[in-house]
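One structure is given below, encoded as C-alpha cells.
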Amino acid sequence: MLDGKLHERCGIFGVFHNKDASRLTYLGLYALQHRGQESSGIVSADGDVLKIHKAMGLVNQVFRRDEPLARLDGMHAIGHNRYSTTGASSLANAQPILINCKIGQIAGAHNGNLTNARSLRAEMENDGSIFTSSTDTEVIMHLIARSKHDTVASMILDALSRVRGAYSILFLTKDALYGARDPRGVRPLLLGKKENSFFLSSESCAFDLVGADMVREIKPGEMIRIDRRGARSYTVPAFEPVEGHAHCVFEFIYFSRPDSFVFGENVDKVRRKLGRQLAREHPAPGADIVMGVPDSATTAALGYAEESGIKYDIGLIRNHYVGRTFIQPAQAGRNFGVRVKFNTVKGVLKGKRVVVVDDSIVRGTTMKSIIALLRTAEPEEIHLRVSSPPILCPCFYGIDMPTKQELIGSSKSVNEIRRYMGADSLGYLSIDGMLSVMPSPHENFCNACFSGAYPIGINGTGEDA
Ligand code: SF4
C-alpha cells in the first residue's frame with residue numbers, strides 16, 4: 001500500500017463469441033488495471049481446448065509480446081487482474097484458475113472475498129483435497145469439481161450455494177461463459193453486447209474500450225449462462241436468507257473509475273455529489289481555492305468547488321510513471337515517497353487559503369506527508385476535507401485493508417487526526433451524508449468499514465460469525 005490508498009482485490013472481464021476474444025479481453029483488463037496491479041491472466045476457449053497465460057505484473061507487462069495472445073486463440077475468453085491481499089503475492093495465486101474435472105476443463109476468475117473459505121478449505125483438506133494456492137477461487141473450483149450434479153450450470157450453482165461472502169465471478173468452459181454475483185451484490189458485474197458478441201465486466205469503462213454497449217447489471221443472486229443459443233438466467237441458491245442488498249459504497253468513493261457505471265449510476269455523478277455534500281457539511285468560508293489530491297479525489301473536489309462557489313485549482317501534480325517500487329537515494333530525507341509521486345504548483349498555493357479534498361484516509365501517513373509537502377509551497381492555511389467518513393473497521397469483502405489498529409480513524413479523534421496531519425481544519429463526510437447521495441434505496445449499500453455494521457457475518461478475522 002505504497003500510495004496509502006485502499007485497493008480493490010480484482011477486476012474481471014469475459015468475452016463470448018468473438019474471433020478476437022483474447023485480444024478484447026486484454027483490452028478489457030487494461031481498462032480495469034486500477035482493480036489489480038500484481039498479476040494478470042487470460043484463459044481462452046476454442047470450442048475444444050482451454051488455454052491459459054498468466055504472470056506477475058501489469059497487463060501490458062504480462063502480455064507485452066504478441067505471442068501469448070496469438071496462442072490464446074478461440075472465440076471465448078475470460079481474464080483477471082489481481083491485487084494480493086493477505087495471501088502471498090505469487091504466481092500460484094494469479095487467476096484465472098483452470099482445472100480439469102468430470103465435465104472437462106473449466107476456468108474461474110473471481111472478484112470478492114468469501115467469509116467461509118477457511119472452513120470450507122479445511123473441510124475439503126480433511127477429506128483429501130490438495131490446494132495449490134491460497135485463493136478463495138480455488139475453494140470454489142474444488143466445490144464445483146466435487147459436486148454430485150451433472151451439468152456445468154447445476155454444478156456451479158451447487159458450489160455457490162455453499163459459499164458465503166462477496167463474489168462477482170466468471171467461469172469459462174469450452175462452449176459457454178458464466179457470470180454470477182452473490183445474493184447481496186457486494187461487487188459489481190455488468191453485461192455488455194456488440195453485434196453477436198457478449199461481454200461481462202467488473203465495470204462499464206471496459207465496454208467503452210472494446211466498443212461494446214452496456215446491456216444491464218447482473219442482478220445480485222443471478223447467474224447468467226451464455227452459449228451459442230443466447231443468454232439464460234438462473235438464481236444462485238442463497239447460503240442464508242437475504243435481507244436487501246449490500247453494494248460496496250467504496251466503489252463510488254474511490255475504487256471504480258469515474259467514467260464507469262456501477263450499481264445503477266455513473267461513478268462520476270455520485271462522486272461529485274459526495275463533494276457537494278461535503279461542502280454543505282464542512283464549508284470553508286474565506287478559502288481562496290479548492291484542490292483535489294490527484295487523481296482519485298479530483299471529481300469530489302470539483303463537486304466541493306461547485307457547491308461552495310470557491311474556485312477550483314490544481315495545486316498538486318502527480319507523476320503517473322511512478323511504479324510500485326523505486327530506487328531511493330541514501331540521503332532522500334523525509335516524505336521521499338510522496339515527493340516522488342507529487343509536486344506542488346507553487347504559484348497556485350503561495351499565500352492562499354487552500355481547501356484540500358481527498359476521498360479517504362487509511363493510515364494517515366500519506367496525507368500527513370502530502371500536507372507537509374504542500375506547506376513547502378507556503379500556503380496561508382490548509383483545510384483538509386474528506387469525501388468519506390473516518391474508516392473505523394477492516395473490510396472482509398474483497399478490499400485490501402490494514403488491521404483495525406492501523407486505521408487512524410479507529411484510534412484517534414478527528415481533532416487528534418487534524419493535529420497529526422498538520423492541517424488547520426479537518427472535516428469528514430458523515431455516514432448519513434454519504435448514504436444520502438447513493439442511488440436509492442440507500443439501505444442497499446454496505447458501509448461496514450465506516451460503521452462496523454457488517455451485512456454478512458464475520459468474526460473479526462474474515463470468517464463466519
Ligand atoms: S466494508 Fe467498506 S470496503 Fe468493504 S464492502 Fe463494505 S463498504 Fe465496501
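The values are calculated or read from the model by the stated rules, or taken from the named source; none is laboratory data. All values reported here derive from a predicted model rather than from experimental measurement. Cβ atoms come from the backbone with ideal geometry, glycine included; neighbour counts cover every protein chain shown.
Couple of notes before you dig in:
- Selected residue [within 16 Å of the ligand (Cβ to nearest atom) and among the basic types (Lys, Arg)] from Arg271, Arg280: Arg271
- Note on region 359-381: residues that are among the acidic types (Asp, Glu) and either outside the structural domain of Gly337 (by TED's automatic domain parsing) or within 21 Å of the chain's Cα centre (by Cα) (or both) amount to 1.
- Screening His53 against (1) under 22 Å from Gln33 (Cβ atoms); (2) at pLDDT below 95; (3) surrounded by fewer than 24 Cβ atoms within 10 Å (Cβ to Cβ) leaves a single unmet condition, (2).
- Members of region 99-142 found to be small (Gly, Ala, Ser), closer than 26 Å to Val15 by Cβ and modelled with pLDDT of 95 or more, listed by number: Gly104, Ala107, Gly108, Ala109
- Matching helices (runs of 4 or more DSSP H) fully within region 369-446 where at least 2 residues are free of Cβ contacts under 8 Å to residues at least 12 places away in the same chain and away from the ligand (no atom under 16 Å from the Cβ): 414-421
- Filtered residues of region 447-465 (kept if surrounded by 13 or more Cβ atoms within 10 Å (Cβ to Cβ) and either at pLDDT below 95 or more than 16 Å from the ligand (Cβ to nearest atom) (or both)): Tyr454, Pro455, Ile456, Gly457, Ile458, Gly462, Glu463, Asp464
- As a summary of the residue check, Thr403 satisfies the conditions (1) surrounded by 22 or more Cβ atoms within 10 Å (Cβ to Cβ); (2) within 23 Å of Gly36 (Cβ to Cβ) except for the one numbered (1).
- The selection criterion, being in the same structural domain as Ile314 (by TED's automatic domain parsing) and within 30 Å of His110 (Cβ to Cβ), does not hold for Val356.
- Set Ser119, Ser129, Ser40, Ser90: member being assigned by TED's automatic domain parsing to the domain that holds Gly11 and crowded, with 24+ Cβ neighbours inside 10 Å: Ser40
- Arg339 in contact with a Leu (Cβ under 9 Å, 6 or more places away or on another chain) and in a helix (DSSP H, G or I): yes
- Matching option when the condition is within 20 Å of the chain's Cα centre (by Cα), touching a residue at least 24 places away in the same chain (Cβ under 8 Å) and within 16 Å of the ligand (Cβ to nearest atom), among Gly185, Gly221: Gly185
- Among residues of region 228-268 being over 30 Å from Asp295 (Cα atoms) and in contact with a strand residue (DSSP E or B) (Cβ under 8 Å, 6 or more places away or on another chain), the one that is nearest to the ligand (Cβ to nearest atom) is Val236.
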